[in-house]
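The next block holds one structure in the form of structure tokens; read it before the comments.
The values are calculated or read from the model by the stated rules, or taken from the named source; none is laboratory data. No experiment lies behind these values; they were computed from the predicted model shown. With ideal geometry, Cβ positions are generated from the backbone for all residues, glycine too; neighbour counts draw on all protein chains shown.
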Amino acid sequence: MLMENLLSKINNPTDLRKLPKNQLAQLAKELRSFIIDMVSKKEGHLGASLGVVELTIALHYVFNTPDDLLVWDVGHQA
């Protein structure tokens with residue numbers, strides 16, 4: 001059975017917040033696959049990018065971004 005592609009339906013934080021919580025793990029998996037694919041074709045910091053997937057999803061899910069401003073640094077300009 002093919003899983004629904006959630007990432008292609010997310011265009012802004014509001015779209016993310018419309019997802020039910022039980023789909024957030026699938027979204028994280030899709031984001032990781034996207035990041036790995038992009039880093040394999042271009043240069044980038046794979047570890048730093050993969051390390052903040054859940055954090056990024058959680059922050060945008062809980063806070064009303066972009067109205068609520070977020071600032072954080074992972075150390076490698078991911």
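Of all residues in region 32-45, those that are within 19 Å of L7 (Cα to Cα) have Cβ atoms under 6 Å from Cβ atoms of residues that are at pLDDT 90 or above and part of a helix (DSSP H, G or I), 6 or more apart or on another chain, in R32/V53. For region 22-44, what are the residues that are of a type outside the set (V, I, T) and touching a helix residue (DSSP H, G or I) at 6+ places or on another chain (Cβ under 8 Å)? Matches in region 22-44: L24, L27, A28, E30, L31, R32, F34, G44. Checking each residue in region 24-57 for being among the polar types (S, T, N, Q) and surrounded by fewer than 14 Cβ atoms within 10 Å (Cβ to Cβ) picks out S33, S40. Across region 1-35, the number of residues qualifying as touching a Leu at 6+ places or on another chain (Cβ under 7 Å) and not basic (K, R) comes to 11. Looking only at region 15-45, count every residue that is among the small types (G, A, S) and over 15 Å from A58 (Cα atoms) and tell me the total. Here the count works out to 3. Tallying residues that are among the aromatic types (F, W, Y) and either at pLDDT 95 or above or in contact with a Pro (Cβ under 9 Å, 6 or more places away or on another chain) (or both) within region 58-78 yields 2. Candidates in region 1-57 are the residues that are assigned to a loop (DSSP other than H, G, I, E, B) and within 17 Å of L70 (Cβ to Cβ); of these, the one that is modelled with the lowest pLDDT is V52.
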